[in-house]
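Structure record follows, encoded as structure tokens.
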Amino acid sequence: MFGGIARRYDIMNSLMTFGRDHAWRRYVIDMAVLPTGGRLLDVGTGTGKIALDAVAKIPDVAVVAADFSSEMMRVGKKQSGGRGINWCCADALHLPFPDSLFHAVTSGYLIRNVTDIEKAFEEQMRVVVPGGRVVCLDTSPAPRNILRPFALFYLRYVIPLLGSMITGDKDAYRYLPESTEAFKAPEELADIMEKVGFREVVIQRFMFGNIGVVTGRRPPVELNSEHSPLSAAGLASE
């Protein structure tokens with residue numbers, strides 16, 4: 001499904017969000033608190049928009065962009081800055097990376113699509129350094145407020161129509177509202193992150209509550225430099 005809409009995916013995201021998706025990605029990168037020369041993993045990267053923004057914003061950052069869909073990543077690699085990113089076909093529930101490798105892990109619209117949310121967060125915690133942050137951007141079920149009927153109308157009718165017109169694939173953009181309505185609220189995602197072991201979990205909502213960013217931090221620990229996973233991998237120490 002994602003391969004079929006890859007070429008028009010970014011255009012649709014901009015249209016659906018009235019161009020606000022750019023600001024949300026910048027917020028995700030800010031919340032990741034990456035150091036100069038740090039290492040970032042963007043999981044479920046799609047066309048790599050978060051990864052590309054990170055490369056443009058942070059000096060000397062090393063970025064790995066991972067996704068199941070090779071078609072989506074091919075589109076991202078052709079964009080400006082795409083060749084400066086390490087692209088990797090990977091399963092978000094079984095990340096092919098050693099423990100404590102990345103300074104931060106980000107995802108955009110990934111968690112709504114995994115079969116095991118807790119396992120996905122466990123894997124992200126495993127590969128991030130102690131004290132590092134995991135930042136999750138995703139859609140959220142329409143909040144129960146005065147704007148809910150308008151949000152539901154937009155999800156159920158406007159988005160599939162736009163998807164059909166722009167990508168020619170109405171079914172893919174029926175999946176988006178259906179999966180969004182069945183998804184968890186940011187507060188529920190925060191609870192799962194805390195259950196996995198993240199600390200300092202914070203939530204930020206956008207677009208009248210229909211988009212959520214949940215950030216958690218892996219607890220910092222004293223690392224013995226002689227046995228540190230980073231040292232063992234031959235990488236620079238913190």
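The values are calculated or read from the model by the stated rules, or taken from the named source; none is laboratory data. From a predicted model like this one, the values you see are computed outputs, not experimental measurements. Reconstructed Cβ throughout: ideal geometry from the backbone, glycine too, with neighbour counts over all protein chains shown.
The table that follows gives values for the structure above.
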item	result
Exclusive hit being surrounded by 17 or more Cβ atoms within 10 Å (Cβ to Cβ), hydrophobic (A, V, I, L, M, F, W, C), within 21 Å of Arg218 (Cα to Cα) and within 17 Å of the chain's Cα centre (by Cα), set Ala32, Ala90	Ala32
Subset of the stretch 108-162 that is assigned to a helix (DSSP H, G or I) and in contact with a Lys or Arg (Cβ under 6 Å, 6 or more places away or on another chain) - its residue that is farthest from Arg26 (Cα to Cα)	Pro160
Residue in the stretch 142-150 that is among the basic types (Lys, Arg), without any contact (Cβ under 8 Å) to a residue 40 or more places away in the chain, surrounded by fewer than 16 Cβ atoms within 10 Å (Cβ to Cβ) and closer than 30 Å to Leu41 by Cα present	no
Test: Glu200 is surrounded by fewer than 21 Cβ atoms within 10 Å (Cβ to Cβ) and under 20 Å from Val105 (Cα atoms)	yes
Whichever residue in the stretch 37-47 is touching an Asp or Glu at 6+ places or on another chain (Cβ under 7 Å) and buried (at least 24 other Cβ atoms within 10 Å of the Cβ) and, among such residues, is farthest from Arg126 (Cα to Cα)	Thr47
Which listed residue, of Gly108, Gly163, Gly132, is over 26 Å from Phe18 (Cα atoms), of a type outside the set (Phe, Trp, Tyr) and in contact (Cβ under 8 Å) with a residue 60 or more places away in the chain	Gly132
Pairs with Cβ under 7 Å, 6+ apart, first in the stretch 50-66 and crowded, with 22+ Cβ neighbours inside 10 Å, second in a helix (DSSP H, G or I) and of a type in the set (D, E, K, R)	Ile50/Arg25
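Let's see how each residue does on (1) surrounded by 13 or more Cβ atoms within 10 Å (Cβ to Cβ); (2) at pLDDT 80 or above; (3) under 15 Å from the mean Cα position of the chain (by Cα); (4) in a helix (DSSP H, G or I):
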{"position": "Lys184", "(1), (2), (3), (4)": "yes, yes, no, no"}
{"position": "Glu188", "(1), (2), (3), (4)": "yes, yes, no, yes"}
{"position": "Glu194", "(1), (2), (3), (4)": "yes, yes, no, yes"}
{"position": "Phe208", "(1), (2), (3), (4)": "yes, yes, no, yes"}
{"position": "Thr215", "(1), (2), (3), (4)": "yes, yes, yes, no"}
{"position": "Pro219", "(1), (2), (3), (4)": "no, yes, no, no"}
{"position": "Glu222", "(1), (2), (3), (4)": "no, no, no, no"}
{"position": "Ser225", "(1), (2), (3), (4)": "no, no, no, no"}
{"position": "Ala236", "(1), (2), (3), (4)": "no, no, no, no"}
